[in-house]
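J.: Structure provided below as structure tokens; questions to follow.
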Amino acid sequence: MTDQPKSHAPAAGTISEPGVPVIPFVNWIGLRTLYIKEVRRFFKVQLQTVWAPAITTLLFLVIFTVALGRGGREVMGVPFNSFIAPGLIVMGMIQNAFANSSFSMLAGKIQGTIVDLLMPPLSTLELLAGIVGGAVTRALCVGAAVWVAMFLWGIDVTPDHVWAVLYFGLMGSAMLAFMGVLTSMWAEKFDHAAAVTNFLVAPAALLSGTFYSIDRLDPTFQMISHANPFFYVISGFRYGFIEVSDSDVTAGFFVLLGVNLVLGGLCYLLLSRGWRIKN
């Protein structure tokens, strides 16, 4: 019997030799699947997750414009409705980014389906990127819906600095998405997540200069406002529309970058250890 040379080619149906990593760098297919799952989840109930927040935000604008905006009232040299419109848009964006990311893992923990996130071949960074990416996408959808509603209402919401609108909108949404991930890991029931929303996120957003200029505040409260990262989100986002802001835009640029790096690093560390998820 004639010896035949051994073939080292992989058998039909195999992807690589044993011991050779199939996903050497980034699992793009898994990351894309998780991202699509997160987006489809909130799009299935878009009346509640996108359009309802847009209508609620528009009602804020109508109420404050009717109550305080008559008689040519101006703030920082612009009409009152043009002043509060950018703040309302980004406030809706960041609140919904938090709501989306804080629900993902918390629902899995409560329903016992958290294994669907932990078992797939996704690294910690890929898992975090998928969840945060879905939350930021929801924030952008809400922001676009609010912008269209205000435009149709007759408010001048034409951006003057598109880069500022994009940067501060995305950084603010990512910041709240990271906070939502931390909340979903810490919380044991939906009441805990609701408490963070009601006692931390909502007050910090409302008291960050959305409806007023901090120049009118007492110096002590001005200092407190400058310690609130939400303030830099709203001030920088407003600058993108009306070219005026309560803070130094460059300072806000780096403050939000630093806050997101810290929050992102903390999320990565706790996720990699399985804090309150695997235990």
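J.: Checking S123 against (1) touching a Ser or Thr at 6+ places or on another chain (Cβ under 8 Å); (2) modelled with pLDDT of 90 or more; (3) among the hydroxyl-bearing types (S, T, Y), which single condition isn't satisfied?
T.: The one condition S123 does not meet is (1).
J.: Sticking with this one: Out of all the residues in the range 40-55, which are touching a Gly at 6+ places or on another chain (Cβ under 9 Å) and buried (at least 18 other Cβ atoms within 10 Å of the Cβ)?
T.: F42, P53, A54
J.: Being crowded, with 16+ Cβ neighbours inside 10 Å, of a type in the set (A, V, I, L, M), at pLDDT 95 or above and more than 14 Å from L34 (Cα to Cα) is true for just one of M150, M91, M179. Which residue is that? Working first, answer last.
T.: Details: M150 fails: at pLDDT 95 or above; M91 fails: at pLDDT 95 or above.
Of M150, M91, M179, the one residue that is crowded, with 16+ Cβ neighbours inside 10 Å, of a type in the set (A, V, I, L, M), at pLDDT 95 or above and more than 14 Å from L34 (Cα to Cα) is M179.
J.: May I pose another question? Hydrophobic (A, V, I, L, M, F, W, C), at pLDDT 60 or above and touching a Leu at 6+ places or on another chain (Cβ under 9 Å), is that true of L47?
T.: Considered against the rule, which asks whether it is hydrophobic (A, V, I, L, M, F, W, C), at pLDDT 60 or above and touching a Leu at 6+ places or on another chain (Cβ under 9 Å), L47 comes out as no.
J.: State yes or no: is A205 in a helix (DSSP H, G or I), buried (at least 20 other Cβ atoms within 10 Å of the Cβ), modelled with pLDDT of 95 or more and among the hydrophobic types (A, V, I, L, M, F, W, C)?
T.: In short, no.
J.: Next question. Working carefully through the options I84, I114, I110, find the one that is modelled with pLDDT under 95, surrounded by fewer than 17 Cβ atoms within 10 Å (Cβ to Cβ), of a type in the set (V, I, T) and within 28 Å of N198 (Cα to Cα).
T.: Matching residue, one of I84, I114, I110: I110.
J.: With respect to A177, is the statement that it is within 23 Å of Q46 (Cβ to Cβ), hydrophobic (A, V, I, L, M, F, W, C) and touching a residue at least 24 places away in the same chain (Cβ under 8 Å) true?
T.: Criteria met by A177.
J.: May I pose another question? Look at N260 and say whether it is in a helix (DSSP H, G or I) and under 25 Å from L61 (Cβ atoms).
T.: No, not satisfied.
J.: Among the numbered conditions (1) more than 18 Å from L256 (Cα to Cα); (2) of a type in the set (A, V, I, L, M); (3) at pLDDT 95 or above; (4) touching a Phe, Trp or Tyr at 6+ places or on another chain (Cβ under 7 Å), tell me where I131 comes up short.
T.: (4)
J.: Mind counting the residues in the range 209-232 that are of a type in the set (F, W, Y), in a helix (DSSP H, G or I) and within 26 Å of the chain's Cα centre (by Cα)? Quick ask: steps written out before the conclusion?
T.: First, pick out the residues of the range 209-232 that are of a type in the set (F, W, Y): 211-212, 221, 230-232.
Narrowing the set further to residues that are in a helix (DSSP H, G or I) leaves 221, 230-232.
This time we only want the ones that are within 26 Å of the chain's Cα centre (by Cα), so: 230-232.
Residues in the range 209-232 being of a type in the set (F, W, Y), in a helix (DSSP H, G or I) and within 26 Å of the chain's Cα centre (by Cα): 3 in total.
J.: Ok, one more. Could you please give the count of residues in the range 251-276 that are at pLDDT 95 or above and of a type in the set (S, T, Y)?
T.: 1
J.: Out of S184, S272, which single residue is in contact with a helix residue (DSSP H, G or I) (Cβ under 8 Å, 6 or more places away or on another chain), in a helix (DSSP H, G or I), surrounded by fewer than 14 Cβ atoms within 10 Å (Cβ to Cβ) and not hydrophobic (A, V, I, L, M, F, W, C)?
T.: S272
J.: Could you count how many residues in the range 149-174 are more than 17 Å from G240 (Cβ to Cβ), in a helix (DSSP H, G or I) and without any contact (Cβ under 8 Å) to a residue 40 or more places away in the chain? Working first, answer last.
T.: First pass over the range 149-174, keeping only residues more than 17 Å from G240 (Cβ to Cβ): 149, 152-154.
Cutting the leftovers down to in a helix (DSSP H, G or I) gives us 149, 152-153.
Within this subset, residues satisfying the condition of being without any contact (Cβ under 8 Å) to a residue 40 or more places away in the chain are 152.
Looking only at that region, the number is 1.
J.: Just the residues that are among the basic types (K, R) and free of Cβ contacts under 8 Å to residues at least 60 places away in the same chain, please, taken from the range 38-63.
T.: The initial filter retains those residues of the range 38-63 that are among the basic types (K, R), namely 40-41, 44.
Passing the criteria: R40, K44.
J.: Yes or no: the range 120-143 includes at least one residue that is part of a helix (DSSP H, G or I), surrounded by 17 or more Cβ atoms within 10 Å (Cβ to Cβ), more than 17 Å from the chain's Cα centre (by Cα) and among the β-branched types (V, I, T).
T.: No, because not a single residue in the range 120-143 is part of a helix (DSSP H, G or I), surrounded by 17 or more Cβ atoms within 10 Å (Cβ to Cβ), more than 17 Å from the chain's Cα centre (by Cα) and among the β-branched types (V, I, T).
The values are calculated or read from the model by the stated rules, or taken from the named source; none is laboratory data. For clarity, every value in this text was computed on a predicted model and none was experimentally measured. No Cβ is skipped: glycine too gets one built from the backbone with ideal geometry, and neighbour counts run over all protein chains shown.
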